[in-house]
Amino acid sequence: MTTVGTTRQHFYVTNAAQPRPSNTHPEMCSTQTFQPRPCGVKLSWETKHIWSRALRHGEELEGFRAETLYWDLTHIIYIGFGRDLLGSAIGELLIEGLLPPEGTEAAALRAWWLGFTQWCKQNRICAPPGTLTLSGIGWGQGKTEYPELLTRFKASAVKVMIAYIAVYTDRVCTGSMHSRVRTTCCWALAEFCFVLDGASLILKPCEVRRARRAGSLFLCSYQYMSAEALRNQIRLWKIKPKMHYFCHVLDSLGDLPNPRHVECFTDESYLGKVKALGQKCHGATISKRILQRYIIYLAIRWHTSRQQMPLTGP
């Protein structure tokens, strides 16, 4: 009888040699929009069925809400271990000299960032503002800390960078076992995000299997990279507790609504915009001015959107 451990080991062994399944490709993460398909009325009864199954153990508890069962991918992946993945992957590429050859590490990283912004432009993706420096990934002179993307890179920026690092590691893959596993690790996380982004509120069985396979492959390959770094005494590929949360996300994919639709992505974005408006207001009148500025902000957005709408009529 096959155990879970041997099954995950089979995923790792078979995919390390072939980082990309025949029906998927990291480029798909860049050419598709990050908007899910609209959920139709036909799924309403399925939604009720899923919620009734999820609530059966806690519906009698005082103060229980369905939201307590949902997993927030924004804090688990994009502003969680996603920053560690990017920091370690970019740092290792610097060590191996697989970034654009520019003489110094700082210049190579700037050239890599320029290629990233050009890739975003080609695929009509909004590139993160600013640039990426060595300090931006915690890459100091002594290499005494684990590299991690700084918190100034928000969830939306991390999400786009995860898609690009999957493309880039595949492009510079040397063919060695280590390089193939690194490519597999980056691709698997991008594939997981891609599947959930393209799915509706209720995941189909094929989507659940595909997402679980990609998520399990990511965890196994990341653990392999972390173990190698530990043996070589290099501070890379740090494992964090949120990866344990990610295991629970994979287990509950078939029992709960699509995590993509219940995450705090839009909430965090809204709070960031409100904070930016509030920082420009005087402290004595902030409660009033922030609302006025927000109304002006919405008016400009709606006016711009209306101007960009195609004209219809005879």
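The values are calculated or read from the model by the stated rules, or taken from the named source; none is laboratory data. Keep in mind that this is a model prediction, so the values were computed, not measured. Counting neighbours? That spans all protein chains shown, and the Cβs are built from the backbone with ideal geometry, glycine included.
Residues are listed down the side, and each one gets a yes or a no for (1) surrounded by 15 or more Cβ atoms within 10 Å (Cβ to Cβ); (2) on the phi > 0 side of the Ramachandran plot; (3) not assigned by TED's automatic domain parsing to the domain that holds residue 139; (4) not polar (S, T, N, Q):
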| position | (1), (2), (3), (4) |
| --- | --- |
| 220 | yes, no, no, yes |
| 273 | no, no, yes, yes |
| 278 | yes, no, yes, yes |
| 283 | no, no, yes, yes |
Worksheet item: Looking at 297, 245, which one is assigned to a helix (DSSP H, G or I), outside the structural domain of residue 128 (by TED's automatic domain parsing) and closer than 29 Å to residue 73 by Cβ?
Response: 297
Worksheet item: Of 132, 86, 94, 109, which residue is closer than 26 Å to residue 219 by Cα and either buried (at least 20 other Cβ atoms within 10 Å of the Cβ) or within 19 Å of the chain's Cα centre (by Cα) (or both)?
Response: 86
Discussion item. Taking the criterion of being in contact with a Leu (Cβ under 6 Å, 6 or more places away or on another chain) and in a loop (DSSP other than H, G, I, E, B), would at least one residue in region 260-271 satisfy it?
Written reply: yes
Discussion item. Can you tell me which condition residue 256 does not meet? The list is (1) assigned by TED's automatic domain parsing to the domain that holds residue 88; (2) at pLDDT below 85; (3) not in a loop (DSSP other than H, G, I, E, B), and all the others hold.
Written reply: (3)
Practice prompt. Kindly provide the set of residues from region 277-314 that are at pLDDT 80 or above and either in contact with an Asp or Glu (Cβ under 6 Å, 6 or more places away or on another chain) or among the aliphatic types (A, V, I, L, M) (or both), ordered by number.
Written response: 277, 284, 286, 290, 291, 295, 296, 298, 299, 300
Worksheet item: What do you reckon, is residue 212 in a helix (DSSP H, G or I), at pLDDT 85 or above and touching an Asp or Glu at 6+ places or on another chain (Cβ under 9 Å)?
Response: yes
Worksheet item: From the set of residues in region 122-177 that are part of a helix (DSSP H, G or I) and basic (Lys, Arg), which is farthest from residue 82 (Cα to Cα)?
Response: 171
Discussion item. So if I check each of 156, 135, which one is in contact (Cβ under 8 Å) with a residue 40 or more places away in the chain and of a type in the set (Gly, Ala, Ser)?
Written reply: 156
Item to complete: Return yes when residue 99 is without any contact (Cβ under 8 Å) to a residue 24 or more places away in the chain, surrounded by 19 or more Cβ atoms within 10 Å (Cβ to Cβ) and under 25 Å from residue 178 (Cα atoms) and no when it is not.
Response: yes
Item to complete: Kindly establish whether residue 241 is crowded, with 16+ Cβ neighbours inside 10 Å and within 30 Å of residue 184 (Cα to Cα).
Response: no
Worksheet item: Hey, among the residues in region 178-203 that are in a helix (DSSP H, G or I) and among the β-branched types (Val, Ile, Thr), which one's farthest from residue 265 (Cα to Cα)?
Response: 181
